[in-house]
Amino acid sequence: MRAKKFPALALALVSLVAVGGAIAPGAAAQTPQPQATPPFMPGDDGVQNGTPVIRTRDGGSPTRLESIAVPPKSGAPFTLTLETEWVRPMSDGGSQTIANKRKIARDSSGRVYQERWLLVPKYGARRSQMNAIQIYDPHEHVVYTCMTLVEPHVCNMNNYYGSTDAIYKPASVQSGALPNDIGIAFHEDLGTKFVADQITTGARDTITYNAGVMGNDRSMTVIDEHWYSDDLAVNLLSIREDPRFGKQTFAVTKVNMSEPDPRLFELPAGYRVVDRRPPADAPDAVTPNAQ
């Protein structure tokens with residue numbers, strides 16, 4: 001994703017955790033995530049005088065976690081393992097750490113395969129589950145999202161605008177005051193280092209927002225550090241610290257730069273494809289079972 005250097009607030013809004021997705025108790029999800037907890041749950045009694053009992057609950061703060069960007073770069077195949085850790089602050093001064101591990105692959109033509117796994121408490125008894133498979137095809141301009149925990153099994157097809165002709169670089173900010181007196185930004189170049197046996201170039205962006213800009217009662221600092229592989233056009237290590245959401249770390253631990261298994265880019269057998277594109281782009285709304 002390419003971003004303008006100015007204003008820096010736009011970068012911050014793009015990079016932040018997207019708020020509003022449902023999460024299961026003890027687990028969080030990376031986009032996409034099926035509805036895990038309905039907003040209205042049947043009461044313990046189930047029915048009362050023949051009428052279903054619905055108990056509502058106010059408040060709460062469900063969140064989604066946006067992971068690393070993987071562009072459809074051609075001629076740069078890989079299969080990697082990405083480990084995610086999210087340390088979320090608690091109101092009593094403590095913290096909760098949730099984590100997952102997942103596979104991402106890209107073939108020489110630029111097609112991208114991603115697994116999505118539930119984030120679960122680190123070192124806890126609950127095991128993570130894969131809740132989706134995504135296949136991005138820059139040539140057909142579609143992305144398939146196959147929900148693995150939902151019955152019946154469906155792959156939703158949507159438009160995809162990634163291009164193999166584009167040049168992809170990590171977003172950055174320009175040092176200096178932000179517009180409208182909202183704060184100040186500082187950019188640092190961190191040099192180079194090896195991450196997962198690949199050479200990367202590091203940068204750190206620090207944005208300090210003045211009090212009142214986002215309803216904050218004091219100044220607030222957001223730090224975004226990334227280590228970028230020019231060969232792969234992917235951040236192999238990305239660390240984001242935000243007092244509202246905590247610390248998020250995305251670390252690539254294994255990289256194989258051979259051509260990935262072509263079967264990864266085939267839709268799962270037995271899944272029905274549902275075309276979610278706008279009507280003008282999708283003359284046939286539903287296709288038969290995918291194989």
For the stretch 149-291: relative contact order, % (alpha-carbon pairs under 8 angstrom, 6 or more apart): 20 percent
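May I ask you to list the GluC sites (Glu not before Pro) in the stretch 200-273 that are in a DSSP loop and have at most 13 other Cβ atoms within 10 Å of their Cβ? Before the final figure, lay out the partial values.
Values: sites: 225, 241, 266; in loops: 266.
Here the sparse-neighbourhood loop sites are 266.
Name the shape class, rounded, prolate or oblate, that the alpha-carbon gyration tensor gives for the stretch 181-291, where a ≥ b ≥ c are the square roots of its eigenvalues, rounded holds for a/c under 1.5, and otherwise prolate holds if a/b is larger than b/c and oblate otherwise. Could you put the intermediate results ahead of the total?
On the way: a/c = 3.23, a/b = 1.51, b/c = 2.14.
Verdict is oblate for the stretch 181-291.
Students often get this wrong, so check it: of 103/254; 193/254; 101/254; 73/247, which have C-alpha atoms separated by over 21 Å?
Working: 103/254 10 Å; 193/254 16 Å; 101/254 11 Å; 73/247 29 Å.
As for pairs spanning more than 21 Å Cα to Cα, those are 73/247.
Using r as the Cβ-Cβ distance of residue 108 and residue 213, and R0 as 41 Å, what FRET efficiency do you calculate, to the nearest 0.05? It would help to have the intermediate numbers written out before the result.
Details: r = 45 Å, r/R0 = 1.10.
In this case the efficiency is close to 0.35.
Taken together, the values in this text are just the output of simple stated rules run on the coordinates, not laboratory data. Computed from a predicted structure; not experimentally measured. All Cβ positions, glycine included, derive from the backbone under ideal geometry; neighbour counts span all protein chains shown.
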